[in-house]
Each structure stands twice: as structure tokens, then as C-alpha cells.
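This report concerns only the one structure given below.
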Amino acid sequence: MVAVKGRNRGSYIRGRSVHNQRIERLWRDVNLQVGMAWASVLRGLEREGYLNVDNRIHIAALHWVVLPALNRSLAHKVQAWNHHPLSSQSNRTPLDLFISDRVSAADEDLNFVDAALFGIEDADTAVEDSPNHVEVCLNVSAEEEALLNRVLMEHIGRDYLNDSSDPFAVNSIIRAVTVATAFIPY
């Protein structure tokens, strides 16, 4: 942590972490069950000719469908993780552990030396944090994006988010690309 963020920041993680099996397992599961699964579906659509990654309209339509569906997949993963039993913790769930920690912390008399300044950095030691989101330039104009949103909402809607028979929204992706290509020239 000191090597990454610098000295005099109050960093408390030093050396190798050998006690992070849970977070490593979580990242493995998220990557395998969500990331790789979606990547496989999208590569399949590209391989079958339904999706052209060089076509800006295809990509814009793909984003319109996939982002809400991907967020839904991640929300399901969060729920599954937060409610799964941990054998090393008497089969309590991560949510149980979080709640019990909050309750016990409220019962303790925590006495921070300067809690008001906790996390505040001096200007000379501050490290600029990166944003917590990804911005993707779709290479479509504001007018094209507005048209795309209107056309796709009219022809496809968001009902696909409730279709458990198509968890990766493959049919909606194909329809969105077809509809978008018909209405907006490449």
C-alpha cells in the first residue's frame, strides 16, 4: 500500500496479504460466472455474424441492451454472495457478519483521535483517484443516440430484463442491432 499510495498517508496494509481468500474467491467467481460468461456470449454473437464490433451502431445498440442486463447479472451475483454460508464462520453469511460487526461497533466506545480528519490528505501527498465508472465513447451523435433510445424503446422495450429463459438477452441484442441498423445509417 505504501509503495502504491506513498508515505505519510496512514496506510495500514503492509506486506503480502495471505488472509484474503474470500475476496480472491469472490473475484474469481465474478470473473467466471459473470465476466467470462458474458464475454463468451458476445464473442458467439460476433462469430455468428449478428454483431459487428467495428460498426458503431451495433455497439451503441449492444450497450443499450447489455448494460441493464449485465447490471442485473451482477445484482444477482451480489445477492448470492451476500447470502451464501461460510463454513469457517459457523455457516453465517457475509451479510450476517457485516450486520453483527455493525452492531458490535455501535456497542463499543470508539474513540478516534481526530475522526473529523480521517481520510483527508495533504495536498502534497494526495494521489488522484481514478473514477469509479467507465465512460465509453460510442461514436454516435446526440441526435443518433436520442433516435436510438426512442426506436429501441418502441420496438424492444425493457421487458427482456424479466425474461428468465434468456438471461444474456441474446434475442434482444439481435433484435436491437437489427432495428438500430434499419433506422440509423452506418
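Return the pairs, sorted by first residue and then second, in which the second residue is at pLDDT 85 or above and in a helix (DSSP H, G or I), the first residue lies in the range 87-116 and is farther than 29 Å from Gln21 by Cα, the beta carbons are less than 8 Å apart, and the residues are 6+ apart or on different chains.
none
I'd like to check something: does the range 91-107 contain any residue that is among the hydroxyl-bearing types (Ser, Thr, Tyr), more than 25 Å from Arg25 (Cα to Cα) and out of contact with any helix residue (DSSP H, G or I) (no Cβ under 8 Å at 6 or more places or on another chain)?
Yes, that holds for at least one residue.
Out of the range 24-65, which residues are at pLDDT below 95, in a helix (DSSP H, G or I) and more than 22 Å from the chain's Cα centre (by Cα)?
Those that are at pLDDT below 95, in a helix (DSSP H, G or I) and more than 22 Å from the chain's Cα centre (by Cα): Arg56, Ile57.
How about the range 138-186: which of its residues are exposed (fewer than 12 other Cβ atoms within 10 Å of the Cβ) and within 24 Å of the chain's Cα centre (by Cα)?
Those that are exposed (fewer than 12 other Cβ atoms within 10 Å of the Cβ) and within 24 Å of the chain's Cα centre (by Cα): Asn139, Met153, Gly157, Asp159, Asn162, Ser164, Ser165.
The values are calculated or read from the model by the stated rules, or taken from the named source; none is laboratory data. Fair warning: this is a prediction, and the values are worked out from it, not measured in the lab. Note: ideal-geometry Cβ built from the backbone for every residue, glycine included; neighbour counts use all protein chains shown.
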